[in-house]
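Data block below; observations after.
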Amino acid sequence: MSSMKQYEAIIVGGGIGGASLAYFLTELGMTKVLILEKEEQPGYHATGRSAGALVEFDLEPLVLRMIQLGGSFLKRPPDGFCEHPILDPVGVLMMFQGELWVKAQGMIPAMTEGGTQVLPLTPAQVAAQYPVIDPASLDGALLITDGGHLDVHELLWSYIRHAKSRGAELRCGEEVKSVIVDNGRAAGVTTGSGTYFGQWVVDAAGPWATRIREMAGPTAVQVTPKRRTVITFTPPEGMDVRRWPFCANISQSVYFSTESAGLLASPMDEEPMDPCDARPDELGVAMAIEYLKGVAPTLVPRSLKHKWAGLRTFSPDDGMVIGEDPDLKGFFWLAGLGGSGIEASPAVGRIGAQLLVQGRSDLWPAESLSPARFTR
Ligand SMILES: Cc1cc2nc3c(=O)[nH]c(=O)nc-3n(C[C@H](O)[C@H](O)[C@H](O)COP(=O)(O)OP(=O)(O)OC[C@H]3O[C@@H](n4cnc5c(N)ncnc54)[C@H](O)[C@@H]3O)c2cc1C
């Protein structure tokens, strides 16, 4: 059935990016907001497949700052935001070797200044606290005591619930097929069910973000989806893993963590591919097991419980893309959230909403996120 309703913002994509934007837009008073999601439920793609960790660490200071801004919301969400706690602060253990360990220690001042609680550990201290970890696999570690597991489902639905209660609409099973351009300005979209007009068309389509923009003509802004694999398995008999921190050995390219009653691991793979419903392949699974053997040999499973893959989407400089398209007025990018889209979502959504409603952000210099940096 056709709809002629006029919206202030039409958000393409019901992942964490689109949901967080709708939450902050409606908080700032822009309430005629429509989220269009092609799947039957929100969060089906990258958002529903993440490892769900809050890790306030990155070697890139701007990425670290964005995660810290997100983290401050996730650690202390506003009263009434969620029905269950979003963060389980079991801690995060980041392990490094060689040059990376030197660089990681260089991040401690910025981590501390931004409010992250971090403690450097020697390999012997790591082995004493976490005997499953082979101390030969690291030169040092950072224990982030206020990080941990995020309840991604609760976070996603809390954004959506509040946005809807303030007037936003969510329509699932509606795939955007074209972007309407009127007088050089994005003016709406069409789906299989109708035509929707809006003052802004927001591209929060994750791996499909460039495809959406290309519906309105060629663009220099090319984001690339990269597959990441996760396996889950049962811990060795008698081992209580329930309060383990999220453990990542960056030099050995592997992380592992508790997951429901068991463990998950990822080889931190980054295989570029076209946007799709990503599936794990044999190589990703084999890498996960091989890399795990290098850091925590006693954990290597004989069989897997489950495996999955998802697409993390990156811009050419790996930075997020938030802002109006330089060649198409009214078309707003909220994409390239990379490997931090869940933990940074409170910052991403708030900055995007400020830019849309106020034309500027008091949290972030807009130029560093703008898609215009790829067309200059
Ligand atoms: C294995 C893995 C582990 C990860 N671990 C973490 C972690 O520990 N911490 C963290 O912060 N981040 C993590 N991430 C990254 C995080 O999941 C992403 O950054 C984030 O989910 C991206 O959200 P998004 O909304 O941009 O994309 P998505 O969640 O992919 O949402 C985009 C949505 O757009 C919809 N869409 C596309 N085209 C159309 C169309 N034409 N019409 C309508 N709808 C459309 C899609 O169906 C999709 O639902 C991980 C990712 C993966 C894959």
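Rule-based calculations on the coordinates, nothing more; no lab input. None of these values were measured; they are calculated from a predicted model. Note that we place each Cβ from the backbone using ideal geometry, even for glycine, and neighbour counts take in every protein chain shown.
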How long are the semi-axes of the equivalent ellipsoid of the chain, defined as square roots of 5 times the Cα gyration tensor eigenvalues? Whole Å, largest first.
37, 21, 19
What residues from the range 288-304 fall in the zone where the backbone N is under 14 Å from a label point 7 Å along the Cα-to-C-beta line of GLU237?
302
I'd like the antiparallel share, as a percent to the nearest 5, of DSSP beta bridges with both residues in the chain.
70
Label ALA286 and ALA136 with points 7 Å out from Cα along Cα→Cβ: what is the distance between them in nm?
2.4
Restricting to DSSP H runs of at least four residues, report the calculated mean residue ellipticity at 222 nm for the chain, -39500 (n - 2.57) per run over all residues, nearest 500 deg cm²/dmol.
-8000 deg cm²/dmol
The range 44-61 residues near the modelled ARG279 label - backbone nitrogen below 20 Å, point 7 Å along Cα→Cβ
44-50
Excluding GLY14 itself, calculate the net charge of residues whose Cβ lies under 14 Å from the Cβ of GLY14, where each Lys or Arg counts +1 and each Asp or Glu counts -1.
-3
Using a simple spin-label model with points 7 Å from Cα along the Cα→Cβ vector, what separation in nm is obtained for ARG76 and THR31?
2.9
Given a Förster radius of 30 Å and the C-beta distance between ASP88 and GLN222 as r, what FRET efficiency does 1/(1 + (r/R0)^6) yield to the nearest 0.05?
0.25
Could you give the size of the charge dipole of the chain about its Cα centre, using +1 on the Cβ of each K and R and -1 on the Cβ of each D and E, expressed in debye and rounded to the nearest 20?
520
First select every other residue whose beta carbon is under 14 angstrom from the beta carbon of GLU169; then total the charges, Lys and Arg +1, Asp and Glu -1.
+3
Measure off 7 Å from each Cα along the Cα-to-Cβ vector at LYS329 and THR298, then give the distance between these two points in nanometres to one decimal.
6.6
For ASP317, put the label point 7 Å out on the Cα→Cβ axis and report which residues of the range 323-363 keep their amide N under 14 Å from it.
323
How much length, in nm to one decimal, is gained on full extension between GLU99 and GLU60, taken as 0.36 nm per residue of separation minus their Cα-Cα distance?
12.5 nm
Taking 0.36 nm per residue of sequence separation and subtracting the Cα-Cα distance, how much length would be gained by fully extending the chain between ASP362 and LEU119, in nm to one decimal?
84.4 nm
Unit charges at the beta carbon, dipole of the chain: most positive-side option, ALA9, GLY194, SER266:
GLY194
Per the rule of 0.36 nm per residue minus the C-alpha distance, extending GLU169 to GLU270 adds in nm 32.9 nm
